[in-house]
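Engineer: Before I ask anything, here is the structure I am working with.
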Amino acid sequence: MNDLGFALRDQLRAEREALIAAYCAGRSVGSLLSGLARVTDRLLRRLIHSNGLPPGIAVIAVGGYGRGELYPYSDVDLLLLHEADLGDAATAWIERFISQLWDLGLHIGHSVRTVAQCVQEAARDVTVLTALLEARLIVGPRPLFRRFVAAVSGILQPHAFFRAKQLEQQQRHTKYQDTPYSLEPNVKDGPGGLRDLQTVLWVARAAGLGRTWRELARRQLLTREECRMLIAKERVIRQIRAHLHIVAGRREDRLLFDYQNAVAGALRIHGSGTRRASEVLMQRYYLAAKAVTQLNTLLLLNLEARLFPRGDEPAQVLDETFIARHELLDIVDEQALERDPNGYLRAFLLVQQHPELKGMAPRLLRALWHARFRFGRRFREDPRNRRTFLEILQQPQGVLHALRMMNQWSVLGRYLPVFRRIVGQMQHDLFHVYTVDQHILMVLRNLRRFTMAEHAHEYPLCSELMTGFERHWLLYIAALFHDIAKGRGGDHSELGARDARRFCRQHGLSKEDTELVVWLVAEHLTMSRVAQKQDIADPEVVRRFARLVGNERRLVALYLLTVADIRGTSPRVWNAWKAKLLEDLFHLTRRQLGGEALPLAAELEGRKQEALRLLRLHAVPQHAHEPLWAELDVVYFMRHTAEDIAWHAREIGGALRPARPLVRTRLAPGGEGAEVLVYVLDQKDLFARVCGYFDSRSLNILDAKIHTTRHGYALDTFVVTDHGRAYSYRELLSQIEHELAEWIAQARPLHEPVKGRLSRQSRHFPVTPSVYLSPDERGDHYLLQITATDRVGLLYAIAQVLARHGVNVHTAKIATLGERVEDVFLIDGAALESPRGQLQLESDLLEALQP
């Protein structure tokens, strides 16, 4: 490095240190970020001026640097834009220039492209397009820069950009467990972080609706109060991120335990007798992040309404307070909740009871947000409100979603003041990675998953036990209160049990149910402690534990709560060793209490017995079913009726490993349509190939159950209809058996799907397609949830996209509710291992779902 290089490096260091010192002394974070960008601008221009800039090259700032913001250790993102031909001299200049920047101490992220290459890359990758949107010319020919800006603007489609950024945010939130309350949050990319704010502004900018919060307020996309809060919360998170860089001495966006006390000190935050300074800092961050998630939701809904106007569709009146319009729950007018305070809770109940609703309208969310301070003692003691809260817990679906929404919009903590005390409260230990409130909701999530067939493969025993457990919602109450007394001092189990008893009495639970809930909260740590810290091979240990438990219902409840609790602390805490210890203790205690030697839920055992009765009616030999059943797991028996199980056993018989595909059919229940059984050695793209056959025959798939046996055979069933075109379904059954077996055996290539027409009702009341991809609990597979308007060929279109991406389907739950399809797939594949691959899969699926 020459003398000029040393001088520039020293000048850069001095100016950076001066800006950081001024910020630490009290100057605004905005002046720090813009100041660091200006210092970098000057350095680049001086360096280029000294070296000379080859003709036809423009140096352009992109990303955050293009926005005019640099955090102390952020990357300096540069685009070196050039004309079509880049000669040897220019190439050498670029290599020398980038090397000099690194020598000066800058962290450079750079790309070298022509305008055409920029357009090509931006069209393929929305992240690149977003970075180029914020391009700013540093040095170079302005006409070239203008051509570049025009070309990028030319490919920007606001509607497609909105959907892409929406998917990107959804994917990013999934990566961080959909919560801003991680104990070591990422203040840039995590939910409620700076990226959520930038996403809103990027979408608004692409739509031509504004580039700042004040511009959005002028266009009535947010109120003045919301605008003030956004600016204030953005400033809080910016300050934390800036100090995090300074404290870490490098680019670091995770607010790790190692830095929390130092960042708190830099922000002049002090602790108290009961709280550390780091705890005060984190609660300040969580409150800011929570506000950002709330306002991000509101603004994206408002932007979606502007970009995708739906006209004046007639509203469906649900009651005197609520209506449904555009698949969203709304209030009849601005004063509706003031007239009907019970609506503050009933809104969440209605979303549960109407699965066709995708959420709440901005007007309703605003009303909930602005009314969060109106929940008083009178509201909480109202018997109608208490009944509504219990109804929310007792619903067959949407319980977790409702409680998460209630917490997100500050309703849950206002209704349960004891819960409000632990919102955003940290847990300083070696295994909890969530705040207390988020841990409680994770435990509830795990309990809810035990009730769902699509999650039965994760922990089969828990799914079996939950199937036979009456009044699941009692476990949800125990989960709500099991850690609710943390941070008060004293035994949180004992204090939480008192809170739980008070809640149960106030909400009218029976004495038996109250005692179960209170006992679970008081003893929620006991089973884990006995399993992990005592010798369960000692009969006396098991006898003592059995005496404490008392009966089988309590044992089942405690086991389910314990598994859900441990799994809810951290993805890394649960392991096979802990699972085996708990399961062994459960089985030993169950036998001690006189329960079943083999732990099968009563409902599943009854289903098997009924299937055996049906087999006897068909004169099937007594033990003929056993080889097949030995290869089937709990998930299979949960998903099939006794009639299905008996039919499969009868048709497959002793042919456990047939050389050719086995295809059998029967009339579907009610006689409208055909039920098809496919049994064959599992193979690549089998699901797509079977769906392709039905598509080629214009048969609509109404239902599908996909299952793989323990010995690697696909045992799949489909219900199909031809909408009454066949003269006789019996002829159709024979045709399917012959043709489909040949189709699978020949392994035909996948053809293009037929675009089926929508029904008249679907055209007037379309279902907005949605795709949601999330990892399962073990991280080995992904759950793919799809909602769309039904049509012929839809499932094949989905299956073909999965096959094109090399995605394997392990199980599928296909549900057709009138004109609405709700499908859940358990999948894996190499394409799911990268965020870009996931995003491309989701985008392709959304395209395939379009009518």
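The values are calculated or read from the model by the stated rules, or taken from the named source; none is laboratory data. Predicted model only: the values in this text are computed from it and were never measured. Don't worry about glycine lacking a Cβ; one is built from the backbone with ideal geometry, like all the others, and counts go over all protein chains shown. Please note that ligands, DNA and RNA were not included when accessible areas were found on the heavy atoms of the full protein model with its side chains. Shrake-Rupley method; radii C 1.70, N 1.55, O 1.52, S 1.80 Å.
Engineer: Tell me which of 49, 66, 30 sits at the most positive position along the dipole axis of the stretch 1-90, charges placed on C-beta atoms (Lys, Arg +1; Asp, Glu -1).
Structural biologist: Most positive-ward Cα: 30.
Engineer: Just add up the charged neighbours of residue 18: K/R +1, D/E -1, any other residue whose Cβ is under 14 Å from the Cβ of residue 18. Numbers along the way, then the final one.
Structural biologist: Details: positive: 13, 16, 27, 38, 42; negative: 10, 15, 17.
That works out to +2.
Engineer: I would also like to ask the following. Stick to the Cα atoms of the stretch 95-236, pair each with every other, and give me the Kirkwood hydrodynamic radius in Å at one decimal. Write out the running numbers ahead of the final one.
Structural biologist: On the way: mean 1/r = 0.0572 Å⁻¹.
Hydrodynamic radius (Kirkwood, Cα pairs) of the stretch 95-236 is 17.5 Å.
Engineer: Further question: Can you grab the distance from the C-alpha centre of the stretch 1-46 to the C-alpha centre of the stretch 538-570, Å, no decimals?
Structural biologist: 61
Engineer: Which listed residue (174, 158, 102) has the Cα farthest towards the positive end of the charge dipole for the stretch 44-179, taking +1 on Lys and Arg C-beta and -1 on Asp and Glu C-beta about the Cα centre?
Structural biologist: Farthest towards the positive pole: 158.
Engineer: Given the whole protein assembly as supplied and a 1.4 Å probe, what does the accessible area of residue 593 come to in Å², nearest 10?
Structural biologist: In the full protein context, residue 593 sits at about 60 Å².
Engineer: Sticking with this one: Once the Cα gyration tensor of the stretch 768-841 is diagonalised, what are the square roots of 5 times its eigenvalues, in whole Å and ordered largest first, as equivalent ellipsoid semi-axes?
Structural biologist: The three semi-axes for the stretch 768-841 are 21, 13, 11 Å.
Engineer: Another one. Summing -39500 (n - 2.57) over the DSSP H runs of n ≥ 4 in the chain and dividing by its residue number, what mean residue ellipticity at 222 nm do you reach, to the nearest 500 deg cm²/dmol? Could you put the intermediate results ahead of the total?
Structural biologist: Working: 39 runs with 467 residues, N = 851.
Roughly -17000 deg cm²/dmol at 222 nm, from the helical runs in the chain.
Engineer: Using the beta-carbon distance between residue 6 and residue 27 and R0 = 25 Å, what value does 1/(1 + (r/R0)^6) give for FRET efficiency, to the nearest 0.05? List each step's numbers first, then the result.
Structural biologist: Values: r = 29 Å, r/R0 = 1.15.
E between residue 6 and residue 27, to the nearest 0.05, is 0.30.
Engineer: Between 0 and 90 degrees, rounded to the nearest ten: what's the tilt of helix 539-549 against the longest Cα principal axis of the chain?
Structural biologist: 80
Engineer: At what distance in nm do the modelled label points of residue 228 and residue 381 sit from each other, each positioned 7 Å from its Cα along Cα→Cβ?
Structural biologist: That separation, rounded to one decimal, is 3.4 nm.
Engineer: Which FRET efficiency value, to the nearest 0.05, is calculated for residue 98 and residue 420 with the Förster distance at 51 angstrom and r the Cβ-Cβ distance?
Structural biologist: Numbers: r = 53 Å, r/R0 = 1.04.
So the FRET efficiency works out to roughly 0.45.
Engineer: Could you compute the FRET efficiency for residue 149 and residue 390, with r as their C-beta to C-beta distance and R0 at 60 Å, rounded to 0.05?
Structural biologist: The computed FRET efficiency comes out at 0.55.
Engineer: Another question, then. Pull out the extension gain between residue 452 and residue 184, defined as 0.36 nm times the separation in residues minus the alpha carbon to alpha carbon distance; nm, one decimal. Walk me through the intermediate numbers first.
Structural biologist: Numbers: separation 268, 0.36 × 268 = 96.48 nm, distance 3.06 nm.
Full-extension gain reported as 93.4 nm.
Engineer: Tell me which residues come under 5 Å, amide H to amide H, from residue 781 once H is placed; ignore anything under 5 positions away on its chain.
Structural biologist: 776
Engineer: Here's a follow-up. Collect residues whose amide H, placed 1.01 Å from N in the peptide plane, falls under 5 Å from the amide H of residue 708; neighbours closer than 5 in sequence don't count.
Structural biologist: 715
Engineer: Too long at a 23 Å Cα-Cα cut-off: which of 175/684; 511/533; 290/486?
Structural biologist: On the way: 175/684 28 Å; 511/533 33 Å; 290/486 21 Å.
Pairs exceeding the cut-off: 175/684; 511/533.
Engineer: Residue by residue through the stretch 383-400, what is 3J(HN,Hα) from phi via Karplus (6.51 cos²θ - 1.76 cosθ + 1.60, θ = phi - 60°)? Round to whole Hz and write x for glycine and proline.
Structural biologist: Ordered by residue, 3J(HN,Hα) equals x, 5, 5, 5, 5, 5, 4, 5, 4, 4, 6, 8, 5, x, 8, x, 5, 5 Hz.
Engineer: Moving on. Give me the orientation-averaged projected area of the Cα convex hull of the stretch 612-686, in nm², one decimal. Write down the numbers at each step before the final one.
Structural biologist: On the way: hull surface 24.0 nm².
Averaged projected area of the stretch 612-686's Cα convex hull equals 6.0 nm².
Engineer: Between residue 328 and residues 5 or more places away or on another chain, which pairs have amide H atoms under 5 Å apart, with H built 1.01 Å from N, and which residues are they?
Structural biologist: Those qualifying (amide H under 5 Å, at least 5 residues apart or on another chain) are 358.
Engineer: From the phi angles alone, apply the Karplus equation (6.51, -1.76, 1.60; θ = phi - 60°) to the stretch 72-88 and give each ³J(HN,Hα) in whole Hz, x where the residue is Gly or Pro.
Structural biologist: x, 10, 6, 5, 9, 8, 10, 10, 9, 8, 9, 5, 4, 9, 10, x, 4
Engineer: Please turn the phi angles of the stretch 115-126 into ³J(HN,Hα) values with the Karplus equation 6.51 cos²θ - 1.76 cosθ + 1.60 (θ = phi - 60°), one per residue in order, whole Hz, x for glycine and proline.
Structural biologist: Result, ordered by residue: 4, 4, 5, 4, 5, 4, 5, 5, 5, 8, 9, 5 Hz.
Engineer: Of the peptides 619-626, 403-410, how do they stack up when ordered by the mean number of other Cβ atoms within 10 Å, highest first? It would help to have the intermediate numbers written out before the result.
Structural biologist: Numbers: 619-626: 12.0, 403-410: 21.1.
In decreasing order of mean packing, 619-626, 403-410 become 403-410, 619-626.
Engineer: Find the Cα radius of gyration of the stretch 396-531, compare it with 2.2 N^0.38 Å by division, and give the number to two decimals. Walk me through the numbers on the way to the answer.
Structural biologist: Details: Rg = 14.8 Å, N = 136, 2.2 N^0.38 = 14.2 Å.
Ratio of Cα Rg to 2.2 N^0.38 Å: 1.04.
Engineer: On a 1.4 Å probe surface of the protein chains, which of 738, 810, 640 comes out largest in accessible area, and what is the full order? Intermediate results must be reported in sequence, preceding the final value.
Structural biologist: Numbers: 738 125, 810 60, 640 5 Å².
Sorted by accessible area, descending: 738, 810, 640.
Engineer: While we're here: Helix 224-248: angle to the longest alpha-carbon principal axis of the chain, degrees 0 to 90, nearest 10?
Structural biologist: 80
Engineer: Relative to the first principal axis of the alpha-carbon coordinates of the chain, what is the inclination of helix 602-617, with its axis defined by its Cα atoms, in degrees from 0 to 90 and to the nearest 10?
Structural biologist: In the chain, helix 602-617 runs at an angle near 50 degrees to the longest axis.
Engineer: Ordering 233, 511 by how much accessible area each has at a 1.4 Å probe, largest first, what is the list?
Structural biologist: Details: 233 55, 511 165 Å².
Correct descending sequence by accessible area is 511, 233.
Engineer: What's the extension gain from residue 505 to residue 529 if we count 0.36 nm per residue and subtract their Cα-Cα distance? List each step's numbers first, then the result.
Structural biologist: Values: separation 24, 0.36 × 24 = 8.64 nm, distance 2.94 nm.
Length gained between residue 505 and residue 529: 5.7 nm.
Engineer: Ignoring any ligand, DNA or RNA, what whole percent of the accessible area of the chain comes from carbon and sulfur when the probe is 1.4 angstrom?
Structural biologist: Numbers: 18470 of 36710 Å².
Of all accessible area on the chain, carbon and sulfur atoms account for 50 percent.
Engineer: Would you mind computing, in nm to one decimal, how far apart the modelled labels at residue 51 and residue 734 are, each placed 7 Å from Cα along Cα→Cβ?
Structural biologist: 8.1
Engineer: Excluding same-chain residues fewer than 8 positions from residue 705, which lysines have a Cα within less than 16 Å of its Cα?
Structural biologist: Output for residue 705: 813.
Engineer: How many nm is it between the label spots at residue 608 and residue 215, if each spot is 7 Å from the Cα in line with the beta carbon?
Structural biologist: Roughly 6.6 nm, to one decimal.
Engineer: Based only on Cα atoms, what Rg/Rh ratio does the stretch 349-470 have, Rh being taken as Kirkwood's radius?
Structural biologist: Reported Rg/Rh (Cα atoms, Kirkwood Rh): 1.00.
Engineer: In Å, what Rg and Dmax follow from the Cα atoms of the chain?
Structural biologist: My reading of the Cα-based Rg and Dmax gives 30.3, 97 Å.
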